[in-house]
Structures are given as structure tokens and as C-alpha cells.
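Accompanying notes for the structure given below.
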Amino acid sequence: MTNDKEERKRRDLTVAENYHLWVACGGMCSFDGCRKRLIESTSGELTNVGIKAHIIGHAKNSARHEYMEEYDFTYETLEDVRNLMLMCYDHSKIIDDKKTRDLFPPGLLFTMKEKHENWVSSWSADKKESIALIHKRTGGPLFDIEYESPAPYILLDAVENQTVFDDFTKEGWEEGKKSNEILYQKFIEKIREKGAKVGEIFPLSPIPLLVHLGSLLTDTVSYSIYQFDREAGQWVSDSTKSNKDIDLRVSKEINHKKELAVLVSISGIVKMDSVMEVVTGEFDSIRFDIDNPGLKRLIYRDDVIFVQSRIKDEIEKLLQHQEYNKIHLFYAGPAGLAIELGRGINPNIWSEICLYHYNNRTNPKYQYALSI
Ligand SMILES: [Zn+2]
């Protein structure tokens, strides 16, 4: 009777204990060799889905419960962090399943936990804690975050907007701007609340929304902006594979007009004809071209930063000598660079920036979306 009562008394972990467990495990599955990141999107909500697996089970018939006394635990102390391992769903099932649990005696799991936590602490000694922002409004939602290489930060939590953007009307774009602002607020609050040092951004959305999102990012923390490598199905950032020899050509046609068109051709070519279909008055223009534009031309961080700073410098040089009422940005390039371009916009120097959405099937191909 008393035993039954005691058995039922499972205390909840304190916030501090939960946090400790998450950080000790690096936010990754502790099962030998798995290391899966434990933030997932389930039914449209991002959650920390690590399962707190008991090494010695709490309920009477649960896995390894019979070892409780041998390992000096009581019903109360079974909830201590030293008896818990964070695991992905699959591995938490394997160690508890009646058919497989015998393969995982307490000694093996305590060793596994220790090994994983030691690896995390050597790995995380110089790792900063981060919050992720997933902005994926094209294609279907992502359910987890797969990196090309070992995760560069300890991911504490995430915010997301993965609702497909399909209202290309004026109202639709306005709504897109509003939801960007709301998402950004949520992101900053999470960063403050958790004391994170880095924001990790995973963008795959219509370009005007990404440039706008970039313009919202203030330098509260440093940001790491990823690009999606579609072939590999992974997010990439730093790599020794960056091109570094990217040759960005700049050409201008300046006749002291009141408006400026900026043409950026990285993943495809922005044709002057398409620009003239939508910017009807006379305008000056500046264009940026690389050799062999294509989807995979610019996916690594060094290349993105290089191109972003060249574009920013050239435009600001121009703005020192010219007064423009409007700047029209026509952009064919990767999502990460779109965010970086937005970040580079200095409202004290730049005038109103009109952003366009490209659709091969509409006529004209570029349609005005929104202004910053
Ligand atoms: Zn796992």
C-alpha cells in the first residue's frame, strides 16, 4: 500500500533541472552514435522533443526497475538527473521495449550517458547557446534540422513560421510583413529569456519576405544564417568548400534619374527587359553579376558575406552622390544572401526600397511585393 503510493509520486523536474539535462546532453540524443538534434516540428509546433528516458524505470514493471536498490535509488531519487538520459523517440523506445530492454542493463546505460555527456562537455567548451528561427514559407514544413557537419551551437529552443505563403496580393504581402514582425519579436524574447548568444536562422521563403526579415534583425546577438542544400537535404553554413574566387562584376548606368534599379544575378539572370516591364519611368541602374549563375553558386557563409558587402558598398557609394526617391531591388539569389542584404540596409542612407517577387509563369515576371 505505502509502496504503491510512493510509486505513484513522480515529481516533476524543476526548470533548472530540465535546463541542466538539456545542456548536459547538448540537446542531442544520448544513445551511442545517434546525436540527433532534439528540436522537432510536430503538428506545426516546434518543440524540444527529447524524451527523458529513465535508466532505472520508475513504475514497477518498467525497464530495469528491479535494479533500483542495487543502484542505491529510491522512488524519489529515480527522478534525479543522474538517472535520466535525453533521447530521440526511437532510442527511448528501444531501451524500454520488452523485447529489447534486456540488451540495455543499467551499467551499459550509465556508461553511455557518461560517455555522451563527456563528449558534449569537451565539444561544448567553446560552444555558444543558440535559439533557432525557421522561416520556411515555400514547400512543406521541416520536421527537424539536419546539419551538414556537427552542430556549431547548443540549440536551446526555436521559433518558426512554416505556413506556406500563397497570397501574392498586396494584402498578402502586408500580412507577410506583419507575421515577420511577430515572429521576430518571439525570437528576441526567447533569446532574452534563455540568455542565448547566437541566433541561428534557417530561411527558405519568398525573397521579399526574407529581405524584410533581414531588415528587422538588430544586433542583439550574433547571427548564423544557413542555406538549404537541396541535393543533400541539409543546412550548410561554414565550409572549406567556399569558392572565395567569386568574381562579382559591377556595371552601372547612371543618368541622374530619380529612381534606381538594382539587379542582382546570382542563381539566375535578372533581365533588364523584365525590369522595364514593371519600373515604368526612367531610372538609373546598377547590376551585379557572377560567372555561371546557378542555384549552387553561393551557399557558403564566406561567399555570401563577400557578395553582400560588395553589393552594400557599391550601392552606398552611389548613394553618396545621387538622390533617389526609390530603390527597386530585383534579386535572383539564395535565401541566405537575401537575409544578409536585408540586414545591410541602413535606413539612414537608403531611401524606400521596393521588393519584387519573381514568378516565371506570370506576366510581367516580376511583381511588386512590398517596400521597406
Ligand atoms: Zn537517438
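Taking amide hydrogens as placed 1.01 Å from N in the peptide plane, the amide H of Lys36 sits under 5 Å from those of Cys29, each at least 5 positions away in sequence or on another chain. Suppose R0 equals 45 Å; then what is the FRET efficiency for Asp80 and Thr280 from their Cβ-Cβ distance, rounded to the nearest 0.05? For R0 = 45 Å, the calculated efficiency reads 0.05.
Mind sorting Val221, Val262, Val250 by how few other Cβ atoms lie within 10 Å of their own Cβ, fewest first? So the residues, fewest neighbours to most, are Val250, Val221, Val262. Site pair Asp291 and Gln322 shows an inter-label distance of 2.8 nm when each label is modelled 7 Å from Cα along Cα→Cβ. With both residues required to sit in the stretch 129-236, DSSP beta bridges show an antiparallel share near 15%. Qualifying trypsin sites (Lys or Arg not before Pro) in the stretch 284-372, where qualification requires a DSSP coil assignment and no more than 16 other C-beta atoms within 10 Å, comprise Lys296, Arg361.
For labels at Leu13 and Glu181 in the simple 7 Å Cα→Cβ model, what's the distance in nm? Those two pseudo-labels are separated by 3.8 nm. Using the Cβ-Cβ distance between Glu171 and Glu352 with R0 = 22 Å, the FRET efficiency computed as 1/(1 + (r/R0)^6) comes to roughly 0.65.
Arranged from fewest to most other beta-carbon atoms within 10 Å of their beta carbon, Tyr153, Tyr368, Tyr331 become Tyr368, Tyr153, Tyr331. For the chain, Cys25, Cys354 stand unpaired, since no other cysteine beta carbon lies under 4.7 Å from theirs. Protection proxy ranking of 12-25, 180-193, by the mean of other Cβ atoms within 10 Å over each peptide's residues and highest first, is 180-193, 12-25. What separates the Cα centres of the stretch 59-126 and the stretch 292-320 is a distance of 49 Å. Residue separation of Asn118 and Tyr368 scaled by 0.36 nm, minus their Cα-Cα distance, works out to 84.7 nm of gained length.
With each label modelled as a point 7 angstrom along the Cα→C-beta vector, the Glu253-Lys93 pair spans 6.1 nm.
Electrostatic tally near Lys257: other residues with Cβ closer than 14 Å to its Cβ, Lys and Arg +1, Asp and Glu -1, net -2. Relative to the Cα centre, the charge distribution of the stretch 2-124, modelled as +1 at Lys and Arg Cβ and -1 at Asp and Glu Cβ, gives a dipole magnitude of about 320 debye. Sorted fewest first by neighbouring Cβ atoms within 10 angstrom, Met28, Met85, Met68 come out as Met68, Met28, Met85. Using a 10 angstrom cutoff on alpha carbons, build the Gaussian network for the chain and name the most mobile of Pro106, Pro347, Pro203. Judging by the Gaussian network model, the answer is Pro347.
Each other residue within a Cβ distance under 14 Å of Tyr19 adds +1 if Lys or Arg and -1 if Asp or Glu, for a net charge of -2. Computed over neighbours whose Cβ is under 12 Å from that of Glu277, the net charge equals +1, Lys and Arg +1, Asp and Glu -1. Straight-line cross-link partners of Lys186 among the lysines, defined as a Cα under 24 Å from its Cα and at least 8 positions apart when in the same chain: Lys127, Lys128, Lys136, Lys177, Lys178, Lys194, Lys197.
Every number in this text was worked out from the coordinates using simple rules, so none of it is lab data. Here the structure is a predicted model, which means the values were calculated and not measured. Heads up, the Cβs are rebuilt from the backbone with ideal geometry, glycines too, and the neighbour counts pull from every protein chain shown.
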